[in-house]
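Read through the structure below, which is laid out as structure tokens, and then see the notes.
Nothing in this text is a laboratory measurement; each read-out follows from the coordinates by a stated rule. Here the structure is a predicted model, which means the values were calculated and not measured. Virtual Cβ from ideal backbone geometry, glycine too; neighbours counted across all protein chains shown.
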């Protein structure tokens, strides 16, 4: 069960930033005993792969903090983040960690399930992030973009580490994500009704 939470946390992190969970998996697998990547995923710990992901992460972190550019980046990342989520879930859920000693038993008969699950989880988080960012930019005249992006990056790092070291806390993250999703779409609906009411009253909004 813990391997599912590990994969879930890593996939959700990829929905915020595609490269952070993969880079953390590679670094921890290469330099620590916190995670033991299985044979099919050891390439994540390759030095060249780590260097390339670090470079892509740097580009992503800069692009995501610039208004307008962040929107273009989100469009491009609609493919990248779910793909990374599938890889992260697949690698994380099949690895031995400090809390998982027999990761192969859960998905042994359906190897494609973790990858597809990771893709869907990351896509869901990505779509929520992409929907929230224009609202943040519009209400803060663009000044909120770097703040929101930094918060997302930090969250991705923390959730990735928690997923590997203490996966039970991923449940808390999922509850928080569910509450945020509910609040965001409820608030968005309220703002739409307010604009429609203002137009009906003869005001320009």
Order of 23-35, 76-88, 156-168 by packing, highest average Cβ count within 10 Å first?
76-88, 156-168, 23-35
Compute the angle between helix 112-139 and the longest alpha-carbon principal axis of the chain, please, reported from 0 to 90 degrees and rounded to the nearest 10.
30 degrees
Among 91, 154, 178: highest mean-square fluctuation, GNM of the chain, C-alpha pairs under 10 Å
178
Give me Rg/Rg_expected for region 2-169, where Rg uses Cα atoms only and Rg_expected = 2.2 N^0.38 Å with N residues.
1.01
Ordered by fewest other Cβ atoms within 10 Å, a rough proxy for footprinting exposure, 70, 153 read 153, 70
In degrees rounded to 10, the 0-90 angle between helix 2-16 Cα long axis and the longest Cα principal axis of the chain is 40 degrees
Relative contact order of the chain (C-alpha contacts under 8 Å, at least 6 apart) in percent is 33 percent
What 222 nm value per residue comes from the helices of the chain, counting each DSSP H run with n ≥ 4 as -39,500 (n - 2.57) and dividing by all residues, nearest 500 deg cm²/dmol?
-25500 deg cm²/dmol
Peptide ranges 8-18, 45-55, 118-128 listed from the most packed, as the mean C-beta count within 10 angstrom indicates
8-18, 118-128, 45-55
Check: C-alpha center region 62-94 vs C-alpha center region 141-188, spacing in Å is 14 Å
On C-alpha positions alone, give me the angle between the axis of helix 47-63 and the longest principal axis of the chain, in degrees, nearest 10.
10 degrees
